[in-house]
Amino acid sequence: MSADPVVLQIAVPTPFRKLFDYLPENNANKSVSKPGCRVLIPFGKRKHIIGVVVSSSKHSEYPQNKLKRIEHVIDEQPVFEKTQMELLLWASRYYHHPVGEVINNALPVWLRKANQLEQLVPIAWQMTKKGKNTALDTLKRSPKQYQLLEYLQKHSQPHLEHDLLEQADIHKRVIQSLEQKQFIEKTALTPNMQYSVSDNNKFDLNQEQKQAVKNVTAAIGSSQVFLLDGLTGSGKTEVYMEIVKAVLQAGKQSLILLPEIGLTPQIIQRFKQRFHCKIAIQHSGLSNRERMQHWLSAKDGSAGIVLGTRSAIWTPLANPGVFIIDEEHDLSYKQQEGFRYSAKDTLIMRSQLEQLPVLLGSATPSLESQYNIQKKSYQPLQLRVRAGGATLPEFKLFDVRGKKMYGALSDLLVNEIRQHLNKNNQVLLFLNRRGYATHLICHACGWKACCERCERPYTYHKTYKKMICHHCDNYKNPIETCAECEQPLFMLGHGTERIEEQLHALFPDKTMARIDRDSTRKKNAMSSILEKINDGSIDILIGTQMLAKGHHFPNVTLTAIVDADHGLFSTDFRASERLAQLFVQVSGRAGRGEKKGTVVVQTHQPDHDLFQQIIQHGYQHYAKTLMQERETAELPPYSYMALLNAEAHNQSDAVGFLRHAAVLINERKEKQLSVFGPVPALIEKRSGRFRQQLILQANNRNALHKHIDSWLLQLETAKLSKKVRWSIDIDPQDMA
Ligand code: ADP
Ligand code: ZN
Ligand code: ZN
């Protein structure tokens, strides 16, 4: 035995930006735990903290007698394999986030406790040599044992315990008796990785779809990123499914990311109908245990397909073949708090480590991805016609200035709605504001009811009979009179509840459904509304951006964007891009069946570039204009950005902290790095905290990243750092 002590480097879920050295468990017989295994450790004053082994070495910079021992190794087999560990370490470096938190974030919740993976692996039994060679007659006096051994001798492959109980029609006691006699023993079932590919596809792919499938499948086994730019309804999902089929045939797994599975149960259904192999689902709607079962089936290779939201990128896969990201432009792929990572960029990094292709799909590709096409880092694929003969909708821009209004609806729009309803078609109205009224305001003096903690107006919710702050979710009973002059308050602005009420008054004999965060709070509420829409029992749908994403409503012939001006004037440099994407996604809900669709846009700014360009020339054309603007202004994707966010109860603490941070980074004298601010965040105050940011910008990635680690270490010891909540956001997607 080697006398050299082994030191293990452990990632611990704490804000410290380093690994911790530990000595192995006291029990000398135990093999040294491998990287990727969980261990229980004492940490500071706390005991039984779960850490993950990252590496081992013979020496530590600390003296032996100062090092603590691991209490216990939880996993026999690593939770994360080698390439996954590499990915996690990369993510910690790239996003400058504490490694222990990065690894903890990637662990399924069920594994953040000392639960044993083996607990979930089903028990299987096989015969021992003794069992095989034993004459049945020896069991004559125990008919049940006789029966079981007879069954096993006839069917000698390993059996899952619950299958045995059923098929051999016996009690668990009988199994135990045979085990005691050493006729049978426990075994691990090798998961079945032969994926069945049954194909009940109804139609042939068109030429462009075939080309896309061909290019991606040809890249299986090598790392290459593809961007599938396809109109809404052009058959992107069909392309994904053909690729998945080819990957299954090659005996490999597909990981597919979707923006919000809970909202789009339809897409899971489509995959389940098409493929009879096991499908693992990874999203927050599952219980921790359920999610864990699915996770295991991805890890052991028994699930051929993994469908999930952002965090599914951390799911281990036994034989990954392809990664697919649907609606790649979607903001939900960026985690906006805690460990702020981009699931898209991290998955692309993973594809390089594992050598496999990534397919990004969207009707409105992000400017970042288009820039990567220009640079030839991504390979472009296109679908330019709507699949199955559906045509693109016709646009109508309604200039509502001076028009007669029914609440938020112009008479032009009301007429249009009536025409579509008269033909027994469905209508979809889109408004990105939930609740009833956006302000409670005093007509006499202009006072507004505002959330004290955010200094923003409360939204009045009629269903809850509450005023709710949409920034911090704070709520109150509505007040009726002005706090300044005691005059009655009145309601200003329109949310989805109020539009629904208006429509009831205008079309009393029509049925309606409202889809927003409030109406879909209960489990399965969304699915039940979607069912009603699809069976035709709903005439008018009113919804927020939840409705914009991915849904397929073949009988909707009119979609209307009720207030297109909302969002035109945000100061976030990505506002126009986001608005254009939303605009196209919403219009993509119209005319997806055989009937032609119409899209109505209500605006006070009919001449705005965004409407004119998108309506006349399409999203791509407008995206080019935006790209030129970004290039001129040297904004991402033409430069690299990081935000240092700070929030504090005192404005001066947040500003002071960031000023100090600016001085420290400027001392580095990095010529290619520009530092702006401190400036107030877009949401200047939230939940009683003032919010400020420092913007770092550089023309190359290296110049941006080079000093961040050492800078953050300095900030940790800065005087004000205890008084502010601060965080770093690399490649920020949202300046709010
Ligand atoms: P996207 O994902 O681009 O929005 P989908 O894949 O959902 O588009 O396709 C839209 C509709 O067209 C679906 O009902 C789909 O079954 C149908 N479809 C797709 N490809 C074809 C094709 N080649 N021929 C006929 N119908 C198709
Ligand atoms: Zn007043
Ligand atoms: Zn608030």
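The values are calculated or read from the model by the stated rules, or taken from the named source; none is laboratory data. Note that the structure is predicted; figures quoted are calculated from it, not measured. Every residue, glycine among them, receives a Cβ derived from its backbone with ideal geometry; neighbour counts consider all protein chains shown.
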| field | When residues of region 458-487 are limited to those that are near ligand 3 (Cβ under 10 Å from one of its atoms) and surrounded by 14 or more Cβ atoms within 10 Å (Cβ to Cβ), the one nearest to residue 432 (Cα to Cα) | value | 470
| request: Would you confirm whether any residue within region 396-413 is within 36 Å of the chain's Cα centre (by Cα), in a helix (DSSP H, G or I) and more than 16 Å from ligand 2 (Cβ to nearest atom)? | output: yes
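In this structure, does residue 578 turn out to be charged (D, E, K, R), in contact with a helix residue (DSSP H, G or I) (Cβ under 8 Å, 6 or more places away or on another chain), farther than 21 Å from residue 609 by Cα and away from ligand 3 (no atom under 16 Å from the Cβ)? Show your work before the answer.
On the way: charged (D, E, K, R): yes; in contact with a helix residue (DSSP H, G or I) (Cβ under 8 Å, 6 or more places away or on another chain): yes; farther than 21 Å from residue 609 by Cα: no; away from ligand 3 (no atom under 16 Å from the Cβ): yes.
Answer is no for this residue.
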| message | When you check residue 499 against the structure, is it at pLDDT 95 or above, farther than 22 Å from residue 683 by Cα and more than 16 Å from ligand 1 (Cβ to nearest atom), yes or no? | response | yes
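Of all residues in region 583-612, which are part of a strand (DSSP E or B) and either without any contact (Cβ under 8 Å) to a residue 12 or more places away in the chain or within 11 Å of residue 393 (Cβ to Cβ) (or both)? Break it down stepwise before answering.
Here is the first cut: in region 583-612, the ones part of a strand (DSSP E or B) are 598-603.
Listed by number, the residues that qualify are 598, 599, 600.
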| query | Given (1) touching a Phe, Trp or Tyr at 6+ places or on another chain (Cβ under 8 Å); (2) at pLDDT below 95, where does residue 330 come up short, assuming only one miss? | reply | (1)
| query | Looking at region 341-357, which of the residues that are part of a helix (DSSP H, G or I) and of a type in the set (S, T, N, Q) is surrounded by the most Cβ atoms within 10 Å (Cβ to Cβ)? | reply | 346
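Restricting the search to region 529-545, which residues are among the small types (Gly, Ala, Ser) and outside any loop (DSSP other than H, G, I, E, B)? Before you say what the answer is, go through the steps one by one.
Looking only at region 529-545, we keep the residues that are among the small types (Gly, Ala, Ser), and these are 536-537, 543.
Hit for region 529-545 is 543, nothing else.
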| Any idea how many residues of region 93-105 are buried (at least 22 other Cβ atoms within 10 Å of the Cβ) and in contact with a helix residue (DSSP H, G or I) (Cβ under 6 Å, 6 or more places away or on another chain)? | 3
| remark: Taking region 434-457 and keeping only residues that are away from ligand 3 (no atom under 16 Å from the Cβ) and within 32 Å of the chain's Cα centre (by Cα), one is left with 436, 437
| field | Within region 79-94, tally of residues that are touching a strand residue (DSSP E or B) at 6+ places or on another chain (Cβ under 8 Å), without any contact (Cβ under 8 Å) to a residue 60 or more places away in the chain and under 18 Å from residue 33 (Cα atoms) | value | 1
| message | Which numbered condition in (1) in the same structural domain as residue 540 (by TED's automatic domain parsing); (2) within 16 Å of ligand 2 (Cβ to nearest atom) is the only one that residue 484 fails? | response | (1)
| query | What number of residues within region 114-154 are touching a residue at least 40 places away in the same chain (Cβ under 8 Å) and out of contact with any helix residue (DSSP H, G or I) (no Cβ under 9 Å at 6 or more places or on another chain)? | reply | 5
